[in-house]
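Asks: There's a structure below that I have some questions on.
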Amino acid sequence: MSDLKALSEAVIKGDINSARAETQKALDSGNSAQDILDNGLITAMDEVGRRFSKGLLFVPQMLRSAKTMQECMKLFESLFQEGDITSKGKVVIGTVKGDLHDIGKNLVSMMMEGAGYSIVDLGVDVSPERFVEKVHEIEPDIVAMSALLSTTMPSMRLTIEALKQAGVRGKVKVMIGGAPVTDKYAREIGADCYGPDAGSAVTKAKEILGIS
Amino acid sequence: MKPKEIPTLQPRLKVLNRKQALAIHEAALEILEKVGFKMEHAGALEMLTNAGCKISEDDRLKLPARLVEAALSSAPKQIVLYDQRGKEAMPLVDGNYFYGTGSDATFTLDLETGQRRRVVLQDVTNFARLVDGLEHIAFVMSMGNPENVMVEDIYIHVFAEMVKNTNKPIVFIADSGHDICRIYQIACQVVGGEKELRNKPFLLNYSEAISPLHFPENIMEKLIFCARKGIPICLPSGSNAGGGAPVTLAGALALGIAENMVGLVVHQLAGKGSPFLFGPNVSTLDMKSTIVSYGCPEWSLTQAALADMRDEIYGLPIWAYGGASDAKVMDAQAGAEALFSIISSMLARCNVIHDIGFLEYGNTSSLEMVVMANELIAMSQFFTEGIKVNRETLALEAIERVAGGEPGSIFLMDDHTFEHFMKAQFLPVLLDRNRYDSWKEAGATDLYQRCNTEANRILSEHQVEPKVDEILTGINRILQGG
């Protein structure tokens, strides 16, 4: 069994080649996939998140670490039975109906993925019905909505109403974000939380799901 | 003998040489020919394919360079914006520059409490009236999306509010082909009809495509509407370095220009010879907070580059920004960043310079910031006028009178000083140059407090020449959906 420190370091640095080599080394020396995931990769990403929130890392560095983690996981994903890899939670995310902007939404997706959530990205211009349909289908923990335009914000309210009507509002937490969105607006439309930026989306997700 | 006239050099900023400008232009054309773009408006798609664009298997349109050349040659090289009474106000030609406010902020700094709060319609009123009373701010934008207006009609209401509270030119936002029609009706009311508006436009539409290379239906509706009605429009995409565009400025410029050219081509196909302002917004995405920066040096640099490209290649008036900040309050950072973009956009000779008065990367508007910017523009203007050199300004006679004259002679007493000082010096109003004691006696204020007082003074004293009842009734009818 090998010590996973070098792996963690490589993930933190975003050094894909070294990280893959370290992952392979750990697998060869008998570490379990779950051990590598928990104590090598996720530990590293927690540290990346900590450094980022302190302002010690820039976004591209954090995303590179997330990418490094994904690359490492490819080496042992096949060892898991379906459903074996424990994620922090399932998130359905999309830019709301009428809005075609996706940079912010994509960034949130990547950061949440990096933090250990499994993400289903519905893309842009996502109708309330589509959100509801997906909630029925995969039973996520969180529905996350993004809007860049003031004029498309009402679609967030409509989506929450559609979730209520479908009787699934109580089964998911709703998180919203985007340039014109405010904390007050989130409360007005009955969302569970508002993330002012991608980094805080990760923190807020942990809070609303009660993950330490 | 008549004294020889010595031309005055007006200091000017140049950041690209011709080779650099051409290389960026060629990269933009290559993007359009090879990568192509996504067009979601069926009418625009048809116009483009009829004109010679090819659709690839993944539904991307590829645009040949000759269409860009044709659009560049049919678009007017000068655009004149009038005020709402039909007087020439903004001749957009060569290096003429005009400053104005911005749009779509969610928050504003309350004039009484200094606190950040949501924008309401009364704020749009106040910003319009303030700008109407400020000498160096040439045009207005709404400065906010009010929370007490139905969001579906938000742009119609803020437009009407601006019309009621200023006679300066208006740069307006619309959501789609639907609300732009009603805004257009209001504008026609103001000047007396469609023909009058086409001949003497007092308005300019600001729309944004989505970077990278994505043209949604509602954006194209507005573009085509403006092209057909002869309303000047600019269509900068948000090709921010690291966000909508590559992180390196040359690539971000090339992408933004490519997107702008798509807009121009569609625009000229829909309304040949209609006025179009060139220029993407190439700021940066901050690599820690992911905000699009309004105080960064990059945006000032890229728009100076665009001004060079205008001079070298395009010849169209350009769209730019200035006088804004990422600071959350009007502090030293706000002052530094506002002046940086104001003076550099002026030195670069950008034409229509918006976003004056924004804090918090465009998320919060501030009346005090607008008042400060007004003075910073005056200061920059003084600087960019250069130094006039002639017999009068060399003042050899005054020197002889004072230095070679009676004991006790001083320049301050000399007629030459009296005759020239008003123009020879920049005379600040709000920037404080008092001696310490008098500054303290007058309340030891900082610039923010003085700008606050000045904003209050203008709002209570300045009279906006009112519109006649007939126009106001017409506007109200349109607002009520009539």
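Asks: Work out the FRET efficiency for B:GLU152 and B:GLN480 from their Cβ-Cβ distance, taking R0 = 22 Å, and round it to the nearest 0.05.
Replies: Values: r = 14 Å, r/R0 = 0.65.
Taking R0 as 22 Å, the efficiency between B:GLU152 and B:GLN480 is 0.95.
Asks: With a cut-off of 8 Å between alpha carbons and a minimum separation of six or more residues, what is the relative contact order of chain A in percent?
Replies: Values: 353 pairs, mean separation 34.9, N = 212.
Relative contact order of chain A: 16 percent.
Asks: Pairs B:LYS200/B:LYS222; A:LYS74/B:LYS288; B:LYS34/B:LYS288: which are spaced more than 26 Å apart, C-alpha to C-alpha?
Replies: On the way: B:LYS200/B:LYS222 20 Å; A:LYS74/B:LYS288 28 Å; B:LYS34/B:LYS288 33 Å.
Violating the 26 Å limit, Cα to Cα: A:LYS74/B:LYS288; B:LYS34/B:LYS288.
Asks: Answer rounded, prolate or oblate for the range A:1-137, using the Cα gyration tensor with square roots of eigenvalues a ≥ b ≥ c: rounded when a/c is under 1.5, else prolate when a/b is larger than b/c, else oblate.
Replies: On the way: a/c = 2.85, a/b = 1.62, b/c = 1.77.
Because a/c hits 1.5 or more and a/b fails to exceed b/c, the range A:1-137 counts as oblate.
Asks: Right, another one. What number do you get for chain B when its Cα radius of gyration is normalised by 2.2 N^0.38 Å, N = residues?
Replies: Working: Rg = 23.9 Å, N = 482, 2.2 N^0.38 = 23.0 Å.
Ratio of Rg to 2.2 N^0.38 Å for chain B: 1.04.
Asks: Decide, for the range A:137-212, between rounded, prolate and oblate: order the square roots of the alpha carbon gyration tensor eigenvalues as a ≥ b ≥ c, take rounded if a/c falls under 1.5, and otherwise choose prolate if a/b is larger than b/c, else oblate.
Replies: Details: a/c = 1.87, a/b = 1.05, b/c = 1.79.
Because a/c hits 1.5 or more and a/b fails to exceed b/c, the range A:137-212 counts as oblate.
Asks: B:SER211: net charge of surrounding residues, Cβ under 12 Å, Lys/Arg +1, Asp/Glu -1, itself excluded? Intermediate results must be reported in sequence, preceding the final value.
Replies: On the way: positive: B:LYS38; negative: A:ASP102, B:GLU208, B:GLU259.
Taking every other residue near B:SER211 into account, the sum is -2.
Asks: Mind computing the radius of gyration and Dmax over the alpha-carbon atoms of the protein assembly as shown? Å is fine for both.
Replies: Rg, Dmax (Cα atoms, Å): 28.4, 103.
Asks: Does anyone have the angle between helix A:16-28 and the longest principal axis of chain A? Alpha-carbon axes, 0 to 90°, nearest 10?
Replies: Approximately 60 degrees, to the nearest ten.
Asks: Find the relative contact order for chain B and round it to a whole percent, using C-alpha pairs within less than 8 Å whose residues are 6+ positions apart.
Replies: Values: 947 pairs, mean separation 90.6, N = 482.
Normalised by residue count, the contact order of chain B is 19 percent.
Asks: Additional query: May I ask for the Kirkwood hydrodynamic radius of the range B:329-439, worked out over all distinct Cα pairs and given in angstroms to one decimal?
Replies: 17.0 Å
Asks: Can you spot the aspartates and glutamates whose alpha carbon is less than 14 Å from A:LYS90's alpha carbon? Ignore those fewer than 8 places along the same chain.
Replies: Reachable aspartates and glutamates: A:GLU113, A:ASP121, A:GLU137, A:GLU139, A:ASP141.
Asks: For B:VAL464 and B:SER289, what is the calculated FRET efficiency with R₀ set at 35 Å and r taken between the beta-carbons, to the nearest 0.05?
Replies: Working: r = 38 Å, r/R0 = 1.10.
Working from the Cβ atoms, E equals 0.35.
Asks: How many percent of DSSP beta bridges within the protein assembly as shown run antiparallel, rounded to 5? Could you put the intermediate results ahead of the total?
Replies: Numbers: 14 of 52 bridges.
Antiparallel bridges make up about 25 percent of those DSSP assigns within the protein assembly as shown.
Asks: Which of the trypsin sites (Lys or Arg not before Pro) found in the range B:400-442 are loop residues per DSSP with 11 or fewer other Cβ atoms within 10 Å of their Cβ? Spell out each step's value before the answer.
Replies: On the way: sites: B:ARG401, B:LYS423, B:ARG433, B:ARG435, B:LYS440; in loops: B:ARG433, B:ARG435.
Passing sites in the range B:400-442 are B:ARG433, B:ARG435.
Asks: So for the range B:1-62, what are the equivalent ellipsoid semi-axes in whole Å, largest first, each being the square root of 5 times an eigenvalue of the Cα gyration tensor?
Replies: Details: eigenvalues 430, 50, 17 Å².
Working from the Cα gyration tensor, I get semi-axes of 46, 16, 9 Å.
Asks: Using label points projected 7 Å from each Cα along Cα→Cβ, tell me how many nm separate B:SER73 and B:ARG117, to one decimal.
Replies: Here the answer is 5.8 nm between the modelled labels.
Asks: Quote the FRET efficiency, to the nearest 0.05, computed for A:LYS74 versus B:GLN10 with a Förster distance R0 of 45 Å and r equal to the Cβ-Cβ distance. Before the final figure, lay out the partial values.
Replies: On the way: r = 61 Å, r/R0 = 1.35.
Efficiency for this residue pair is about 0.15.
Asks: How do B:ASP123, B:ASP153, B:ASP179 line up, fewest other C-beta atoms within 10 Å first?
Replies: B:ASP153, B:ASP179, B:ASP123
Asks: Here's a follow-up. With a sphere of radius 12 Å drawn around the Cβ of A:GLU188, what net charge do the other residues whose Cβ falls strictly inside it have (Lys, Arg +1; Asp, Glu -1)?
Replies: Once positives and negatives cancel, what remains is +2.
Asks: Tally Lys/Arg at +1 and Asp/Glu at -1 over every other residue whose Cβ is under 14 Å from the Cβ of A:GLY89; what's the total? Please report the intermediate quantities before stating the final value.
Replies: Details: positive: A:LYS88, A:LYS90, A:LYS171, A:LYS173, A:LYS204, A:LYS206; negative: A:GLU113, A:GLU139, A:ASP141, A:ASP192, A:GLU207.
Overall, the nearby charge balance is +1.
Asks: If you project the alpha carbons of the range B:302-341 onto the principal axes, what extent comes out on each, in Å, largest first?
Replies: So the extents along the principal axes, rounded to whole Å, are 39, 12, 11.
Asks: What is the extension gain from B:VAL389 to B:GLU419, computed as 0.36 nm multiplied by their sequence separation minus the C-alpha to C-alpha distance, in nm to one decimal?
Replies: Details: separation 30, 0.36 × 30 = 10.80 nm, distance 1.62 nm.
9.2 nm is the gain from fully extending B:VAL389 to B:GLU419.
None of the figures in this text is laboratory data; all of them are computed from the coordinates on show. Because the structure is a prediction, the values reported are computed rather than measured. When we count neighbours, we look across all protein chains shown, and the Cβ atoms used for this are built from the backbone with ideal geometry, even at glycine.
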